[in-house]
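S.K.: One structure, pasted below without further comment.
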Amino acid sequence: MPIPTEPVGSLPRPTALQQAFAAYDAGKIERVEFEQAQDDACADSIRRMEATGAPIVSDGEQRASSFATYPLTDTLAGTGLAPNLAADGQYFAIFTDGHHRQLPRLTGGPFRYQTFAADYLKKSIRYATKPMKQAVIAPSMLALLYPLDGEVPGYSREQFLADLCDECEKDIRQAFAAGAKRVSIDFTEGRLACRNDPNNAWTGRGMLGHFIQLNNRVLDRFSAAERRNIGIHTCPGGDCDATHSADVDYAELLPSMFKMNAGYFLIQLASEPDKERVYAMIGRYLRKDANGVPQVAFIGVINPQNPRVETPEEVQADLLLAARHIPKEQLGSTDDCGFSPFSIDVKPKHGSPDLARDIAFEKIAARVQGTERAAAELGL
Ligand SMILES: [Zn+2]
């Protein structure tokens, strides 16, 4: 059995698509034209990702406003925002370059998704000749739609969380029903929850335990056989080539994270200053039996925030070092994060989103080749 390798999900939207998003927001193009631009970008993403040799591909999330807001709004500017949401919610994250991303605010119940990830997958999967994965957003992220303090009139926090878990479960089940081979849950808020940023109130509320519990409420609705193919992605954020919580020690997060009953984890690691320390930590906390499923750690071997393309030799070396600490049957490889989790991202260190796309495919090819080399070296 080779070492499994899987992308997180997103790719930079080409300049033409980012322009189409802006034109749609400005009312300059109709929906049909907007969707055609998304469709073209998805077809191109799948074709080029398949050409890297990757065994499992995504559509690059080209239709999504962002990895977190796709169920809520068609664009980041708020076109198509769900009726019981207002634009002025709390900051989800403040990034190292000073920019921030904001969530909407829930103004009433009941909470329902407007769009499920499967709605996008159904349109994209016809372009694929290889298995596809689908990323979905974690309930723990969308829990931040509810105001931190106080109650939404007529809609208790408990009722909201119950509705939220139902919607997240549907999101995952529908993705599998639409043909996804794997579904990973984006959990970037996990590491950020340990940050205690005085400028971002929710990060100082010690919410990690609550997040883990909430995500398990959804995961525990799936059988062990289903959870083998349900993953969790952790990272310190990746937007405009900047991060939001890379300074948080993994020791704060990992012991709790592996308590989630997911079958696999996509873990940022290529950009960590001391990788071996983290490999050892993973080896210590990764569970052989998470309620019936052995957990697999996909270690990040590619840094999507840095335009330098990793070599297959570097990828191989990372995996061989990791295999000293993580059982090889529980080891996989991935990218540190999606290549552009938000639809509007000019990829400043890369020069342009179009260049960043070219670089992303080179990086994915290096991940695939390096992983194959490591597997051969380990006798897998
Ligand atoms: Zn990420």
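S.K.: About its Cα centre, how strong a charge dipole does the chain have in debye, to the nearest 20, once Lys and Arg get +1 and Asp and Glu get -1 at the Cβ?
M.R.: Values: 41 positive and 50 negative charges, 174 e Å.
The dipole of the chain has a size of about 840 debye.
S.K.: Which FRET efficiency value, to the nearest 0.05, is calculated for ALA251 and ALA86 with the Förster distance at 45 angstrom and r the Cβ-Cβ distance? Don't jump to the answer; show the numbers that get you there.
M.R.: On the way: r = 37 Å, r/R0 = 0.83.
Approximately 0.75, to the nearest 0.05.
S.K.: Build a GNM of the chain with springs between Cα atoms under 10 Å: which of ALA26, ALA41, ALA193 gets the top mean-square fluctuation?
M.R.: Ranking ALA26, ALA41, ALA193 by mean-square fluctuation puts ALA26 first.
S.K.: Quick check: the distance between the Cα centres of segment 162-238 and segment 255-271, to the nearest angstrom?
M.R.: Using only Cα atoms, the two centres lie 11 Å from each other.
S.K.: Still on this model: What does the charge count around GLN295 come to, taking other residues whose C-beta lies under 13 Å from its C-beta (Lys +1, Arg +1, Asp -1, Glu -1)?
M.R.: Residues close to GLN295 contribute a combined charge of +4.
S.K.: Can you sort GLU189, GLU362, GLU30 by how many other beta carbons sit within 10 Å, fewest first?
M.R.: GLU30, GLU362, GLU189
S.K.: Can you tell me which lysines have their Cα less than 23 Å from the Cα of LYS122? Leave out same-chain residues fewer than eight positions away.
M.R.: Result set, ordered by chain and number: LYS130, LYS133, LYS170, LYS181.
S.K.: Which one of PRO12, ILE172, THR75 is farthest out on the positive end of the charge dipole of the chain, using unit charges on Cβ (Lys, Arg +1; Asp, Glu -1) and the Cα centre as origin?
M.R.: ILE172
S.K.: Which is farthest toward the positive dipole end of the chain among LEU378, GLN213, ALA322, measuring Cα position about the Cα centre, with Cβ charges +1 (Lys, Arg) and -1 (Asp, Glu)?
M.R.: So the residue we want is LEU378.
S.K.: Shifting gears a bit: Please report the antiparallel percentage of DSSP beta bridges with both residues in the chain, rounded to the nearest 5.
M.R.: In the chain, approximately 25 percent of DSSP beta bridges are antiparallel ones.
S.K.: Follow-up question, since we're still on this one. ALA26 to ASP97: FRET efficiency via 1/(1 + (r/R0)^6), r the Cβ-Cβ distance, R0 30 Å, to the nearest 0.05?
M.R.: 0.70
S.K.: A follow-up question, please. So which cysteines of the chain have no other cysteine's Cβ under 4.7 Å from theirs?
M.R.: Flagged as lacking a Cys partner: CYS42, CYS165, CYS168, CYS194, CYS240.
S.K.: While we're on this one: With charges set only on the Cβ (+1 for Lys and Arg, -1 for Asp and Glu), what does the dipole of segment 318-375 come to about its Cα centre, in debye to the nearest 20?
M.R.: Details: 8 positive and 9 negative charges, 30 e Å.
Its charge dipole is roughly 140 debye.
S.K.: Another question, then. Tell me what the chain gives for mean residue ellipticity at 222 nm when only DSSP H runs of n ≥ 4 count, each as -39,500 (n - 2.57), the sum divided by the residue total, rounded to 500 deg cm²/dmol.
M.R.: -11500 deg cm²/dmol
S.K.: Taking the beta-carbon count within 10 Å as an exposure proxy, list MET260, MET141, MET281 from fewest neighbours to most.
M.R.: MET281, MET141, MET260
S.K.: Kindly identify segment 134-279 as rounded, prolate or oblate by the Cα gyration tensor criterion: order the square roots of the eigenvalues as a ≥ b ≥ c, call it rounded if a/c is under 1.5, otherwise compare a/b with b/c, prolate if a/b is larger, else oblate.
M.R.: oblate
S.K.: Would you mind computing, in nm to one decimal, how far apart the modelled labels at LYS170 and ASN291 are, each placed 7 Å from Cα along Cα→Cβ?
M.R.: 2.2 nm
Read-outs throughout are calculated quantities, based only on the coordinates presented, and are distinct from any laboratory measurement. Just so it is clear, the structure is predicted and the values come from calculations on it, not from any experiment. In this analysis, Cβ positions are derived from the backbone assuming ideal geometry, glycine residues included, and neighbour counts consider all displayed protein chains.
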